[in-house]
1. Output the antiparallel fraction of DSSP beta bridges having both residues in the stretch 4-157, as a percent to the nearest 5.
2. So, R0 is 25 Å and r is the distance between the beta-carbons of R68 and E15; what FRET efficiency does that work out to, to 0.05?
3. I'd like to compare 74-82, 136-144: which one has the highest average count of other Cβ atoms within 10 Å, and what's the full order after that?
4. Which value, in debye to the nearest 20, gives the size of the charge dipole of the stretch 250-381 about its Cα centre, when Lys and Arg are +1 and Asp and Glu are -1 at the Cβ?
5. With every protein chain present, what is the per residue accessible area of the stretch 118-214 (1.4 Å probe, Å²)?
6. As I understand it, the dipole of the chain uses +1 on the Cβ of Lys and Arg and -1 on the Cβ of Asp and Glu, about the Cα centre. Which of N210, I126, Y185 lies farthest toward its positive end?
7. Note down the magnitude of the dipole of the stretch 135-290 about its Cα centre, charges +1 on Lys and Arg C-beta and -1 on Asp and Glu C-beta and zero elsewhere, to the nearest 20 debye.
8. What number comes out for the charge environment of L219, summing +1 per Lys or Arg and -1 per Asp or Glu over other residues with Cβ under 14 Å away?
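The values are calculated or read from the model by the stated rules, or taken from the named source; none is laboratory data. Being a predicted model, the structure only gives us computed values, none of them experimental. As a convention, Cβ positions derive from the backbone with ideal geometry for all residues, glycine included, and neighbour counts pool all protein chains shown. Heavy atoms of the whole protein, side chains included, go into the accessibility calculation; ligands, DNA and RNA do not. Shrake-Rupley method; radii C 1.70, N 1.55, O 1.52, S 1.80 Å.
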Amino acid sequence: MEKTFYFTGGKTPPETFPTDALALISQKAIKKIGGAFAFYPRQHEYSSYSDLGYKGLREVVSLRYKRREGVALPIDNIVVTSGSMQAIELVGRALLKPGDIIITEELTYYGSLEFFRYLKLNVIGIPVDDKRGMEIDILEDTLKCFDRLNLKPKIIYTIPNHHNPTGAIMTEKRRKRLLDLAYSYNIPIFEDDCYGDIDFYKDRKPRSINTLDDEGNVLFVGSFSKILGPGIRLGYLYAKDNYLNTILSHRWDLGTSVLASIIVAEYLKEKMWDHLEKHIKVIKRKMDITLKALGEYAGEYTKCTPPRGGLFIWVKITQNIDMEKLSLYAERRNVKYDEGKLFHYRERELKALRLSYAHIPDEEIPIGIKRLSEAIREAII
Ligand SMILES: Cc1ncc(COP(=O)(O)O)c(C=O)c1O
C-alpha cells in the first residue's frame, strides 16, 4: 500500500522521545515507592493524601513554571491530570452548564471546541491576529454588548502561547488588558498553555496571564504531551483554592497514574532542560524544512506567518479555492491535513489549513508538501 503523509494532530518527534533514559530511570523510580502502588493515590503520602496526584510530579510542574515565569506555582494548588484535555474536561464539568456563554478565540483547538459543544455551551469566538493573539478591542465590545443584554459569559478560554492553530503569541499588553476586562466583568480566565515551552527563539516572552494575575482569577492548564509525547497522558491544572475545591469535587476517576507520574517526574527533575533543548531544535529544523518546501512548491498561492514555536503551521490560501475538492485531491495523493474549518467556533469554511510536521521524518516532509501543493493547485478555481 502507498504511504500516507499525515500532517495532522499535535504530535512530537519520535526521535526525541527519551526511550533509553526513561527505561533506565523507570527501574529506580518504581523501586522508590514499590508497594505503595497498592494504594489509590489519595490513600497515600506520595499524593499528600489528596486528589492532587503524585507530589514529585507537582514539584516538577512548579519548577517548570518557575524557570519560565520567575515564580514557582504552589504545589498544593496543582492537580495532575490525564493529559491537559482531562483538565479542560474537569473545568468544563465543574464550572459550566448547558446554555452558558464561553468566550474563546474565533479559531481554537478543536478538542476543546468539541467538548464545549458536547457540554451544549454557547461558544462566542473573538477574532485572533496571527501574530498578536486575541483582538482585545473586539472582546471589550463583545463584553459590553453582553452586559447591556444582562448576559454574563462564564469563562474566557484562551491559548496565548503558540496559539493552536495560528501560532500567535498574545502580547503582554493584550494579556494585561484581557485581565483587566476579566476583573471588571468578574469572569475567570482559562489559560491553556499546552505549547508554552516549545519556543524556537530565546528572546523574552510575555509572562503568562496567570503570572500577571494577582486576584486568583486564572485557571491555568499545562501538559507533558508536547514536551515528551502525547502517549504519556500527563497534564495539570493550577487554580486557587476556591476553584480547585469545586473542580476536584467533580472528579470521579480516582486519580492519574502514579506509575506514569513517577517515571516522568524522576526523569524531568534532572533532565527537563537538556531534553527540551534537543527536542525544540529538532522541531525547529522540521519547521524550517516544511516552510522551505511550502515556499518552493506553493509559495505563489499560500501565505503563512512563520511560527515562533509550537507544533503547527497555519497556511492561508491566497487564491479562490474549492476546499472540498482540495481535501479530495489531497486524499488521492495520500496527504492528510487538518482543515481550517475544524478550528472555527462555528465551523465556518476557511481558505486555510493547519499542518503538523514535528512527527514526520525530515526527508518525507518535502515529498508530502509537494503533493499537497499539487492538490492545492488543482483545487484553485
Ligand atoms: C491547545 C491544546 N490544549 C490541549 C490539548 C490536549 O493535549 P493533551 O491532553 O495531550 O495534554 C491540545 C492537544 O493538541 C491542544 O492543542
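1. On the way: 2 of 9 bridges.
Around 20 percent of the beta bridges assigned by DSSP in the stretch 4-157 are antiparallel ones.
2. 0.50
3. Going from most to least packed, we get 74-82, 136-144.
4. Using Cβ point charges on Lys, Arg, Asp and Glu, the stretch 250-381 gives about 300 debye.
5. Values: 4230 Å² over 97 residues.
With all protein chains present, the stretch 118-214 gives 44 Å² per residue.
6. N210
7. The calculated dipole for the stretch 135-290 is roughly 340 debye.
8. -4
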